[in-house]
Amino acid sequence: MSAKTPTPGPKVGNLAPALRAESEAIYAAAGAGVLGAIYGLVVALGAPDLQLEEVARSFGLLAAIGGSLVAIAVSITGYWRSRNLPGQEWRRSLPSWKFTVNTISVVIAHTALTFLAVYAGYRLIGQGFIGLPIITFWSIVLMSVTLGLTAYIVYLSVSRMTTQRMSSLLMAFVVIGTFTAMITTPDAGWWKIHFSQLGSFSDLSSYVFNGTLIAGGLLVTTFAVYIANDLTSLRRTRMLQYSRAPRVVSTLFVIMGTMLALVGVFPVNVHLLLHNLSAIGMAIVFLVLLIAGPKVLRGMPSAYFLSSWAFLAATVVSIVLFFVGYFTLTALEIIVFALIFAWIAVFIRFLGVTSQRA
């Protein structure tokens, strides 16, 4: 009678880091939930009869502030601890200044995304419960759940940060921030002027819009660190032929992210020239990345270059249609803005697949 060959079990070494991160996320959620309950009680006692749908003074705004504070603490802790996890060890070799900037960008992005997601979520819920006051019980429960979920999601996000995850984070952040600014702007006819009109008011909607651009720009610059690491791995395996590809591409991403952040730093009503120069600079870097791709990124899949030429053609056609009067300035800005971030998502996805093939 032959002995049965034992079925190999899961590799404990691979499961241990993921299990540790999951456990720590639960502990963080539990602690944040308790703080949320206390915060909810303080809010209920200090500001009774808050409603969900109000803009300037609402329960959702206070929940977003509380969630942001939790996101700051959790993202700093989680991102710092995750540097020892498999696949993240390369971050320990970064210069201290670069590691610090990288950490700050990740923290700001998660904090801002938390604020936008919580605020927009409660605004949406408030449209279905117009006039409903938040009593003490629900204030405690909702704050506890909001802060607890925030801690859990943010901790797992920063603990498993990769180039692909950062791309998804950027897309979610930009979309939620832009749409939040659109639905809260005091000028319903903003689209008749230009896209940047959303950031020209001294209210929450403009702070959201400009803050989205600034934090999004910081996140794009953080991409540079991850992209440089991925491209270096491809160069090491000889899949990329251009030796300076990691430095060139990462530098261009830093410049593009900086330009995007400056668009938010200088709203159109504060400094028109610097605002326009920053926007134009970002577009130029985008075009350089597309045009130089076949040389700098030689070795990437042919489908990537096909998609890059499609993005380039769409950009050129949009510019031509604007100059002939078919597109308005708002339409051109939105289309180019969407094309840039769509290309970033496609580039990151192809980079990840190519790295796996290596």
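Some values worked out for this structure:
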{"item": "Failed criterion for Asn210 (all others in (1) free of Cβ contacts under 8 Å to residues at least 60 places away in the same chain; (2) in a loop (DSSP other than H, G, I, E, B); (3) under 15 Å from the mean Cα position of the chain (by Cα) hold)", "result": "(2)"}
{"item": "Single residue of Ser308, Ser318, Ser243, Ser302 found to be assigned by TED's automatic domain parsing to the domain that holds Ile214 and either aliphatic (A, V, I, L, M) or buried (at least 21 other Cβ atoms within 10 Å of the Cβ) (or both)", "result": "Ser308"}
{"item": "Qualifying residue in the stretch 285-306 (condition: closer than 28 Å to Ile193 by Cα and not aromatic (Phe, Trp, Tyr))", "result": "yes"}
{"item": "From the options Met143, Met161, residue that is outside any helix (DSSP H, G or I) and either touching a Cys at 6+ places or on another chain (Cβ under 6 Å) or surrounded by 14 or more Cβ atoms within 10 Å (Cβ to Cβ) (or both)", "result": "Met161"}
{"item": "Which numbered condition Phe350 fails, given (1) in a helix (DSSP H, G or I); (2) aromatic (Phe, Trp, Tyr); (3) over 17 Å from Leu234 (Cα atoms); (4) free of Cβ contacts under 8 Å to residues at least 60 places away in the same chain", "result": "(3)"}
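For every residue, the table says whether it meets (1) of a type in the set (A, V, I, L, M); (2) farther than 25 Å from Arg91 by Cβ.
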site	(1), (2)
Gly211	no, yes
Ile214	yes, no
Val220	yes, no
Arg236	no, no
Met239	yes, no
Leu277	yes, yes
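The values are calculated or read from the model by the stated rules, or taken from the named source; none is laboratory data. All figures in this text were calculated on a predicted structure; none of them were measured in a lab. Counting neighbours? That spans all protein chains shown, and the Cβs are built from the backbone with ideal geometry, glycine included.
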